[in-house]
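Report on one structure; see the data block that follows.
The values are calculated or read from the model by the stated rules, or taken from the named source; none is laboratory data. In this text, all values refer to a predicted model and were calculated from it rather than measured experimentally. Neighbour counts are summed over all protein chains in view; Cβ atoms, including those assigned to glycine, are modelled from backbone coordinates with ideal geometry.
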Amino acid sequence: MFDDDEDRPRGRRGPMSKKVVAEVEDDRPPRRRYSKAGRPPYVPTKHARHQVEQFVGMGMTREQICKVMSININTLYKYFSNELETADARRNFDVARNLYHMAVDPDHKSSATAAIFWLKSRAGWRDTVRSEITGADGKPIQIESSSRDIVDSRSLSPDQRDALREILQQAMAKQIEAHPKMVDGEYEEVGFDAEFEER
């Protein structure tokens, strides 16, 4: 009947077999002798769409949703893309609507809290706390620095070192006069000028 494969009617998987061709010629509907392997195609229900929307709104990851729903990630994106894109906005709207109703209902037990939160987040209100810190008896705070500046005496001239030595001796004498019990013993001057002059 068909001399060439090109003339033979083609099925989904290539040229039809002679048996199928004979059935076509007999005006009978062709029977499929092969079965499609694998699962049947997924059909999402309204309940499944609602669940996915809730899961996304609650912050579940895509992988977690797939495990709970027992579906593949590709199936999730294929059939639930709208829910994945809009779930966060819908949940935020639901919370905002509920908060708004609580804020405007004077009989609701949390109306003041809801109104304050609404005004802070939407109307730009803010808490202002003013703190003043003063020293003893309301006087200004006196800051005492425990870190001291270090002067490298090698960079000073001999005249500057002598002047610095006199200043330090006077300061130590004042400290000893102010706190005589603090210092016991005698001090002797250690000469370090000769050491630095050699360098």
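Is there a residue being part of a helix (DSSP H, G or I), over 25 Å from the mean Cα position of the chain (by Cα) and exposed (fewer than 11 other Cβ atoms within 10 Å of the Cβ) anywhere in segment 97-115?
yes
Only one of these is part of a helix (DSSP H, G or I) and charged (D, E, K, R): Glu132, Glu166. Name it.
On the way: Glu132 fails: part of a helix (DSSP H, G or I).
Every option except Glu166 fails the conditions.
Just checking, does segment 67-88 include any residue being closer than 24 Å to Tyr42 by Cα, surrounded by fewer than 12 Cβ atoms within 10 Å (Cβ to Cβ) and charged (D, E, K, R)?
yes
Does Glu132 satisfy the criteria of being under 30 Å from Lys46 (Cα atoms) and acidic (Asp, Glu)? Explain how you work it out, then say what you get.
Working: under 30 Å from Lys46 (Cα atoms): no; acidic (Asp, Glu): yes.
Spelling it out, it is not the case that Glu132 is under 30 Å from Lys46 (Cα atoms) and acidic (Asp, Glu).
For Asp137, are the conditions met, namely being among the charged types (D, E, K, R) and either more than 30 Å from Glu53 (Cα to Cα) or in contact with a strand residue (DSSP E or B) (Cβ under 6 Å, 6 or more places away or on another chain) (or both)? Reasoning before the result, please.
Working: among the charged types (D, E, K, R): yes; either more than 30 Å from Glu53 (Cα to Cα) or in contact with a strand residue (DSSP E or B) (Cβ under 6 Å, 6 or more places away or on another chain) (or both): yes.
Criteria met by Asp137.
So Val129 fits all but one of (1) within 30 Å of Val95 (Cα to Cα); (2) modelled with pLDDT of 80 or more; what number is the exception?
Here Val129 clears every test but (2).
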